[in-house]
Amino acid sequence: MDAHTTTASVAAALRPPRWLLPALAVAIGYYLGARLGMAFTLHPHPISTLWPPNALLLAALLLTPRRDWWWLLLAALPAHIAAELQSGVPTVMVLGWYASNCSEALIGASLLRAFVRGVPRLDSLRDTGILLLTAALAAPVFSSFIDAALVRLIGWGTSDYWDLVNTRLFSNALAGLMVVPLILAWAAWLAAGAGRMRGARYAEAAVLFSGLLAVCLHAFAMPHNDAHTAPAVFYAPLPFLLWAAVRFGPIGVASALPAMAVATIWGTVHGLGPFTTETPQDTAREMQLFLIAASVPLLLLAVALAERARIERESRSQLTHLSRVAMLGELSGGIAHELNQPLTAILSNAQAAQHFLANKPGERAILSEILQDIILADKRAGDVIDRLRAMFKRGETRTEALDANRLVRDVMSLAHGDMTTRGIEVIPRLAASLPEISGDRIQLQQVILNLIVNAADAMSMCAPNDRLLTVHTLATKGRVHINVVDRGPGFTVAPDILFEAFYTTKPQGLGLGLSISKSIVSAHGGRLRAITRKGGGAAFLITLPALPRRP
């Protein structure tokens, strides 16, 4: 066994089990959640108005493979004991509550896994609806029966069985509604790449949540001396919650609702706000019903908006791919010509090699040169096929640092055969030392290819000597420009009309190429414009933000 293998074996042996970090996170979160739940108790009412540990454990199970669930449940045990024994509850009752808490998490997670594959998506109304029915309804209902039965069996307290069921049900339903979407939304956001959000969005989020907390504290955590609370008080947070739903989607609402709930419960526990006129049990019930009734429609609204945006993105992606395939179909003749040249060279060189082997087997230098030509021709054909495969392939958007000149050269290489067939001379005027741009290589190549093909179509009726297509690249402060200029007849309509969907001047055109191209450039933070040149022809100007130059 070599040193490298030994080192790898030692590293593998020292690597912690995959469940260890999630288990530690569950233990810490469960303990803190239990302490927070105890702080939310309306004394002398014995049950918390919001009990987060069960919902936190349920969310952890949803994010973890089923084979690791038992490790997470075991990790919650010491945290549960440490939190509950501080309250003076008998050990038997502490273990009974641990069993009922775990039953809620297991029931909710098992039901969800039965209807939803993988982690529930908060940009799907179906997944979110099932999540609410299981985590905020079914799991609390079934586990409440178990919990109340254990309390009565052990003999802890004097409450009636159905009172225990009702009290625990609303506390855990509210926790499931607040905690589970919060954890799932943040987990999805972090997995998607938290760094994608710009500084302005962080500033907007800070203003939003500062305003929401200020309004909630004023409405629900300030003294209310009047016997009757004005209904407007309960609607005060609504503008901020709608702001969160529209601008930040499910993660915005999933974060804003717990903030409102914490402010409301804190005020009520300290005898402040509008929920202080009844007995502790009635006060808790009123507050819980208010928070549940406010949360469900807002969360569903945010999910509906996110699902609509996701469907639009997926439809746009499909349309972009179909447009790209259709455009490559138009170039099929030129692409065949581009492939035919290296294939012909390969055939000719192979026949020459056969001839030399038959007549002059000792000419090793000539044979080596012929084989080198075959290799180069094969690479040239392979490059064309690779570009075609990449253009035909449909996949997720992949952002990377790109060289605009390289993009132009690749597109010109792909369109070379078609331009030759049409008798169009393509002149590249590429600026040296351009800064890089950030974007999806295939999508930006599609935009440039579409502009080149449109320019070629526009010059189809021009005299052969006038069929001149120029592609410029240049850089200005913080921007990279790619300009495609032709000598065709130009256009007579307003430039904005050219980019409208289904507008076309081609007999067989769909009118989607420029519309899709503009949406791609806009998605990359750039602009696509069209102008008619005074000397004749048209120019399409792509402007994209430049990346900072690397040292």
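Quick look at the numbers
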{"quantity": "Residues that are of a type outside the set (Ser, Thr, Tyr) and either free of Cβ contacts under 8 Å to residues at least 12 places away in the same chain or assigned to a strand (DSSP E or B) (or both), drawn from region 511-522", "calculated": "Gly511"}
{"quantity": "Test result for Leu57, modelled with pLDDT of 75 or more, among the hydrophobic types (A, V, I, L, M, F, W, C), in a helix (DSSP H, G or I) and open to solvent by 50 Å² or more (accessible area, probe 1.4 Å)", "calculated": "no"}
{"quantity": "Qualifying position, being modelled with pLDDT of 90 or more and either closer than 27 Å to His43 by Cβ or part of a helix (DSSP H, G or I) (or both), among Leu77, Leu95, Leu85", "calculated": "Leu77"}
{"quantity": "Positions within region 518-551 being of a type in the set (S, T, N, Q) and within 23 Å of Lys477 (Cβ to Cβ), in sequence order", "calculated": "Ser522, Thr543"}
{"quantity": "Selected residue [crowded, with 22+ Cβ neighbours inside 10 Å and of a type in the set (Val, Ile, Thr)] from Val485, Val426, Val447", "calculated": "Val447"}
{"quantity": "Hits in region 145-159 - residues which are open to solvent by 70 Å² or more (accessible area, probe 1.4 Å), closer than 23 Å to Thr283 by Cα and modelled with pLDDT of 80 or more", "calculated": "Phe145"}
{"quantity": "Within region 221-243, tally of residues that are modelled with pLDDT of 85 or more and of a type outside the set (Ser, Thr, Tyr)", "calculated": "8"}
{"quantity": "Helices (runs of 4 or more DSSP H) wholly inside region 197-314 that include at least 3 residues being under 22 Å from Gly176 (Cβ atoms) and either of a type in the set (A, V, I, L, M) or touching a residue at least 40 places away in the same chain (Cβ under 8 Å) (or both)", "calculated": "199-220, 238-269"}
{"quantity": "Scope region 64-110; condition more than 15 Å from Met38 (Cα to Cα), loosely packed, with under 14 Cβ neighbours inside 10 Å and among the hydroxyl-bearing types (Ser, Thr, Tyr); matching residues", "calculated": "Thr91"}
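For (1) under 19 Å from Leu62 (Cα atoms); (2) part of a helix (DSSP H, G or I), each residue gets a yes or a no:
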{"site": "Ser100", "(1), (2)": "yes, yes"}
{"site": "Ala105", "(1), (2)": "yes, yes"}
{"site": "Gly108", "(1), (2)": "yes, yes"}
{"site": "Gly118", "(1), (2)": "yes, no"}
{"site": "Leu137", "(1), (2)": "yes, yes"}
{"site": "Ala149", "(1), (2)": "no, yes"}
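The values are calculated or read from the model by the stated rules, or taken from the named source; none is laboratory data. The structure displayed is predicted, hence computed values, not measured ones. Using ideal geometry, Cβ is built from the backbone for each residue, glycine included, and neighbour counts are taken over all protein chains shown. These area figures cover heavy atoms from the full protein model, side chains too; ligands, DNA and RNA do not enter into them. Shrake-Rupley method; radii C 1.70, N 1.55, O 1.52, S 1.80 Å.
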